[in-house]
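The values are calculated or read from the model by the stated rules, or taken from the named source; none is laboratory data. Given the structure is predicted, the values throughout are model-derived calculations rather than measurements. Backbone-built Cβ (ideal geometry, glycine too); neighbour counts: all protein chains shown.
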């Protein structure tokens, strides 16, 4: 596979990264199998969106606090262990799902708790992996490869899942799709055993020192405030557009087909991102993406499923240009010499801020989508990304100053 990556311009990222990449692709496959349709299942069983919204709020609130536990585990072992624990938590979620399928609405809080635990452990390991297996010179290329893989999965998995669910009567199709997810999750545990076990700097956590830096050091308060604001939109649009499509079309097949169309554009977007975006034009990328997405939100004022599908495609194409640069800036910041030993803690605090933002975004959407209309709610969430971009300017100035000083010392 590494030779194929080299032929298409994604070589030279290192064997350690590629093993990490394969595990992440397995994770994305099984979470895609159940992720999209957990929300439609809850909506189908209960007849409204409230249960699905509450499910996602619980996931977001559980994910944040568990990051501290994940950091402690990574410190005492390696970043590969939280990754495995995260996948095992999802296996527990599948177990509860099958045991309580006849009462899945009552099991919703337990399913959400295990999903939140799995997400907390896994995404902590993922963010540490992106920092450890890549550097600032090749990180945008690595993000692009991950994005392409994610979009290929998004191209196939939701369409297959939606087709399978729609081909069975009642809820049988959900059992089949979640069963496939269980199998892929088990395979992902095996793949995670091959991830290179990078050990962190020491066995103690230093959240006190890291938090002091977050609130006091130049650029850091804005960096973390921007992460919270990013989560407000990111957490909602991960699932809310699919709920709107399902509400308009009342068909899992249409939801899956929409995901396929969006993924086609997403693959192209990831290729373009990898070729065009570098650390020098990250801010331009974010400004353009936010402007286009804000303008596109007006399409949601038109009734029917088609405008929602079209906006979902637009969102998939431009979201990478909005989100990926923030990851590059963040990892460049925590790789500064004064922060090297606290990277795990910084990642944990970041994911906590992101989780709080996601919960706030879902609560906002839950209570204001009906009051304002979904289109206006999404427009407000998208416009909030302008402050998110501006909040990162101070840390970018710090990075530019360090780069200038490093250039003088050469």
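From 104, 177, 164, grab the single residue that is within 24 Å of residue 51 (Cα to Cα), free of Cβ contacts under 8 Å to residues at least 24 places away in the same chain and crowded, with 19+ Cβ neighbours inside 10 Å. On inspection, the qualifying residue turns out to be 164.
Being within 22 Å of residue 130 (Cβ to Cβ) and not in a helix (DSSP H, G or I) is a property that does not hold for residue 32. Filtering segment 383-409 to residues that are over 15 Å from residue 333 (Cβ atoms), modelled with pLDDT of 85 or more and out of contact with any helix residue (DSSP H, G or I) (no Cβ under 7 Å at 6 or more places or on another chain) leaves only 390. When 68, 118, 86 are checked against the criterion of being surrounded by fewer than 23 Cβ atoms within 10 Å (Cβ to Cβ), touching a residue at least 12 places away in the same chain (Cβ under 8 Å) and either in a helix (DSSP H, G or I) or more than 21 Å from the chain's Cα centre (by Cα) (or both), a single residue qualifies: 68.
The residues on offer are 314, 371, and the sole one that is under 30 Å from residue 250 (Cα atoms) and exposed (fewer than 15 other Cβ atoms within 10 Å of the Cβ) is 371.
The criterion of being without any contact (Cβ under 8 Å) to a residue 60 or more places away in the chain, surrounded by fewer than 23 Cβ atoms within 10 Å (Cβ to Cβ) and within 20 Å of the chain's Cα centre (by Cα) does not hold for residue 148.
Here the condition is being in contact with a helix residue (DSSP H, G or I) (Cβ under 7 Å, 6 or more places away or on another chain) and either more than 30 Å from residue 61 (Cβ to Cβ) or modelled with pLDDT of 85 or more (or both); of 311, 268, it holds for 311 alone.
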